[in-house]
1. Taking the Cβ of V351 as the center, what net charge do the other residues with Cβ under 14 Å away carry, scoring Lys and Arg +1 and Asp and Glu -1?
2. Can you send over the solvent-accessible area of T328, 1.4 Å probe, protein chains only, in Å² to the nearest 10?
3. Report the Cα-based extents of the chain along its three principal axes, largest first, to the nearest Å.
4. If you take the Cα Rg of the range 319-424 and divide it by 2.2 N^0.38 Å, with N the number of residues, what do you get?
5. Determine the per residue accessible area of the range 177-296 with all protein chains present and a 1.4 angstrom probe, expressed in square angstrom.
6. At q = 0.10, 0.17, 0.18 Å⁻¹, what is the base-10 log of I(q)/I(0) for the range 251-392 according to the Debye formula with one equal point scatterer per Cα and no solvent? Please give it to two decimals.
7. Please give, to one decimal in nm, the separation of the simple spin-label points placed at A167 and E78, each 7 Å out from Cα toward the Cβ.
8. Kindly write out, for the range 270-279 in residue order, the coupling ³J(HN,Hα) from the Karplus curve 6.51 cos²θ - 1.76 cosθ + 1.60 (θ = phi - 60°), rounded to whole Hz, with x marking Gly and Pro.
Amino acid sequence: MKHIFAALILSVIAAPLSAQDNVKSFTLANGMEGVVIEDHRSPVVVNMVWYRAGAADEPRGKSGIAHMLEHLLFKGTENLAPGEFSKTVAANGGSDNAFTAKDYTAYFQRVAADRLELMMKMEADRMRNLRISEEDVLTERDVVLEERNQRTDSDPSALFGEQRTAAQYLNHPYGIPIIGWRHEAEKLSRADALAFYETYYSPNNAILVVAGDVTTADVQALAEKHFGPLEPSLDLPVRARVLEPPHLAERRLKFSDERVAQPYIIRSYLAPERNAGEQSEAAALTILAELLGGSSQTSFLGKRLQFDEQIAVYSSAFYSGQSLDATTFGLVVVPAANVSLQDAEDALDRVVAEFLEQPINQEQMGRIKQQIKASEIYGRDSLRGLANSYGSALTQGLTLKDVAAWPEVLAAVTEEDIKAAAAKVFDRRQAVTGWLMRKGEEQ
């Protein structure tokens, strides 16, 4: 069957989807998608393989396995010795790494364009031929636990964030940390890693993104040669996650630690994500975040709380709509000296209410749209940034057309859109309000 399958012809969909980014796409017969972003300014290429499998796809009770498997993919295969993958990349003058998120895991290399085939050959090899021992798993498990020690357990703000996120999602796996809960990560095994690998690491669950000094025809040919012979997983699970129940009550947390240098208040609301073919609400929330707290000098929160009333030394609003499932919209206030967290929260509520009652400054909204547009343009100077934007979008439910349309969707946002989105999101029943405090100063 392998020989028959390898002979199947490449199915190509090669229409350019963004003239600005010169993006084209294709699909192999085994279901693997390819995206090519041609950029001939320098003889360099970024090669990325994205899997539609992240921390939110882990089996219940196995938190951290997606991230640990990411580490394990740098171990050996049938054709490469442990560590040989990264050594080969470095020997060819390149760099490589990987990262795990809630909705995806991605692997990348940045090399000279004439080394692209070697990168594809090695990525195709570890997509299906991973070989890991019990010792490999124990070693990397210890590495991951030490990573948790350094990045989470030793940082009160990170621990605070972990607790808030768990409170934000009543049922959805977004409430589980990517690094994993310690008591579960400590028990992850070789069998757990292989089960996740065999379930999700397949060509029909992967997206190849190549950006740089290449042509679409050349990338297609290389993809067909190296990834094309890989058989798809016929029992790939449907990506259907549990849903959040209605949120009927605000949740509040107070977290104290003697290591806290600067107390602050943060509130996050459950918020809608960007969806394929319907991005207008997410665009409105994106601009709302900038209007409210994008700049300390010009945002509504910054001018009121930091300059006019001098209640805060820092304030901000945040929103990232690119998410497979419901995301969050957040507000942060760091109070000035001798201002209590309660006074800071009261001021935050009052100023947000003022914003909702007043007309939006049209000149300010126009500047924000121009700033976002400029940021999008500057982002195209980075090959990896370009590849990231397309790979993350596709693994989080969007299409290439959605990515291309996003600047226009943002530009079309009106004051009415923003006010409607704000009224929907600012529902305290969907909120988690947290106070981070120094231990001993809780009052």
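1. Numbers: positive: R267, K303, R304, R350; negative: D308, E309, D343, E345, D346, D349, E354, E357.
Result for the neighbourhood of V351: -4.
2. 30 Å²
3. Over the chain, Cα extents along the principal axes are 70, 49, 41 Å.
4. Numbers: Rg = 17.4 Å, N = 106, 2.2 N^0.38 = 12.9 Å.
That works out to 1.34 for the range 319-424.
5. Numbers: 5150 Å² over 120 residues.
I get 43 Å² per residue for this part.
6. Per q value, in the given order, log10 I(q)/I(0) is -0.41, -1.05, -1.13.
7. Label at A167, label at E78, 5.1 nm between them.
8. 4, 9, x, 9, 6, 10, 4, x, 8, 10
The values are calculated or read from the model by the stated rules, or taken from the named source; none is laboratory data. Predicted model, so just to flag it, every value in this text is computed and none were measured. So basically every Cβ, Gly included, is an ideal-geometry build from the backbone, and we count neighbours across all protein chains shown. For accessibility, only protein heavy atoms count, side chains too; no ligands or nucleic acids. Shrake-Rupley method; radii C 1.70, N 1.55, O 1.52, S 1.80 Å.
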